[in-house]
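Every number in this text was worked out from the coordinates using simple rules, so none of it is lab data. What you see is a predicted model, and the numbers here were worked out from it, not measured in a lab. Cβ placement follows ideal geometry from the backbone for every residue including glycine, while neighbour counts extend to all protein chains displayed.
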Amino acid sequence: QNTLTVCFSVGYSAVALNHVIDFKEKKQEIIKPVSPSELFPSLPIVQGTSKRIKVLTRLTLVVSDPSHCNLLRSTSANIRLYDIIAVFPKTEKLFHIACTTLDVDLVCINVTEKLPFYFRRPPVNMAIDRGIYFELLYTPAIKDSTMRRYTISNAISLMQVCKGKNIVISSAAERALELRGPYDVANLGLLFGLSESEAKAAVSTNCRATMLHGETRKSACGVVYTVKKPRKVEEEETAVPACKKAKTQA
Amino acid sequence: AAAFERRVLRCAAEHHYLRVRLELPDGGARPNAAQFKQLVVTALRELHGEVGAALPVDVLTYEEKTLSAILRVISSGLVKLWSALTLLGFYQNRRCAFRVLQTSPFLLALSGNSRELVL
């Protein structure tokens with residue numbers, strides 16, 4: 001809670017609280033997210049505007065096996081409650097699956113150890129077309145100097161493939177001291193090889209696009225739209241796939 | 001025919017100024033001015049090596065009570081200094097954080113902060 005207070009004072013306008021699920025342990029169940037209204041009875045106002053700060057909830061799935069992805073397609077009601085869903089692939093195959101077919105908003109890129117796989121251009125380009133963003137964390141870089149090297153090297157190899165598009169930089173801060181202001185983080189983007197405008201976008205516009213992507217994903221799930229054709233009375237058409245495709249492209 | 005020459009100045013200011021504040025939450029000994037400069041140079045060395053540590057950085061003012069300072073750096077070294085301050089995590093094995101409050105190529109601009117305006 002102290003961390004959130006620092007966030008607001010430093011100048012962020014929207015914060016997402018992350019919940020990590022690791023599938024290696026047995027019997028992981030997805031619990032309901034902590035509702036932000038429990039933490040703050042009234043959210044303070046963003047500096048300079050008159051809107052309140054948004055606090056969202058986010059779920060990160062650490063997948064090391066293709067069977068873990070089935071959880072995303074299941075109709076567990078608790079998944080719907082999260083605003084943003086991120087996946088953390090551990091193998092090249094899973095990275096490919098996450099970029100092309102999985103219904104997520106963010107793909108996390110590992111920064112704490114050397115990547116076991118190289119990025120290839122086809123899945124990355126498909127992810128960019130689908131509107132999926134790649135996420136880099138910067139808090140390990142503050143804690144440990146070995147992690148700094150891995151963060152920067154993984155970020156640079158990602159930049160070479162995706163040319164700086166669709167990047168989001170976020171912190172995995174557990175304490176208030178591990179947080180940095182938005183312009184500081186944009187400066188870190190310059191270190192990773194982004195251009196100045198891309199670095200600022202990585203903190204502002206790309207994050208907003210991720211939020212909107214999450215909202216469209218939430219609303220398009222489970223929509224059944226029946227249309228009765230006027231001539232043939234007995235035929236009913238369900239236009240579910242078209243609706244979903246249209247909304248994710250929007 | 002009048003001869004004229006065209007001069008293009010891009011980022012003519014040669015120094016950039018940063019107002020920073022060091023956050024040390026635990027109530028231990030506070031660094032004095034020399035130790036503060038040592039901390040900045042150490043941060044540069046950890047991230048950018050010996051070349052970074054050799055970057056000409058000056059501490060123009062330093063207040064020990066609030067741990068805030070105004071730094072001056074060559075314009076080409078602004079990105080290195082700023083990223084080194086951002087990624088610094090520890091001071092004498094105590095957790096700390098640098099908050100960059102203002103940055104500008106002109107020293108006069110650091111005197112007023114539009115974020116602290118009371119509307």
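Things to note:
- Percentage of interatomic Cα-Cα distances in the range B:1-67 larger than 20 Å: 49 percent
- From the Kirkwood radius over Cα pairs of the range B:15-111, Stokes-Einstein at 10 °C and 1.306 mPa s returns a whole-number translational diffusion coefficient of 119 µm²/s.
- Note on A:180-188: average number of Cβ atoms from other chains within 10 Å of each residue's Cβ is 5.
- Using a Förster distance of 45 Å, the FRET efficiency for A:K54-B:Q92 (Cβ separation, nearest 0.05): 0.75
- Interchain or long-range residues, amide H under 5 Å from B:H15's placed H: B:S75
- Look at the stretch B:79-89: the mean tally of other chain Cβ atoms within 10 Å of its residues' Cβ atoms is 6.
- Rounded to the nearest whole Hz, the Karplus-based 3J(HN,Hα) values (6.51 cos²θ - 1.76 cosθ + 1.60, θ = phi - 60°) of the range A:156-171 follow the sequence 5, 5, 5, 4, 5, 8, 9, 6, x, 8, 6, 10, 10, 10, 9, 9, with x at glycine and proline.
- Paramagnetic reach from B:A33 (point 7 Å along Cα→Cβ, amide N under 16 Å) across the range B:85-107: none
- Too-long pairs where the Cα-Cα distance tops 29 Å, listed order kept, from A:K165/B:K80; A:K114/B:K80; A:K90/A:K165; A:K163/B:K37: A:K163/B:K37
- Computed over all pairs of different Cα atoms, the Kirkwood value for the hydrodynamic radius of the range A:120-191 is 13.1 Å.
- Computed from phi, the 3J(HN,Hα) profile of the range B:30-45 under the Karplus parametrisation 6.51, -1.76, 1.60 (θ = phi - 60°) reads 8, x, 8, 4, 5, 5, 5, 5, 4, 5, 5, 5, 5, 4, 5, 5 Hz, with x in place of Gly and Pro.
- Over chain B: helical MRE at 222 nm, DSSP H runs n ≥ 4 each giving -39500 (n - 2.57), nearest 500: -8500 deg cm²/dmol
- On a per residue basis, the convex hull of the C-alpha atoms belonging to the range A:72-181 measures out at 118 Å³.
- Burial ranking of peptide ranges A:136-148, B:59-71 (average Cβ count within 10 Å, highest at the top): A:136-148, B:59-71
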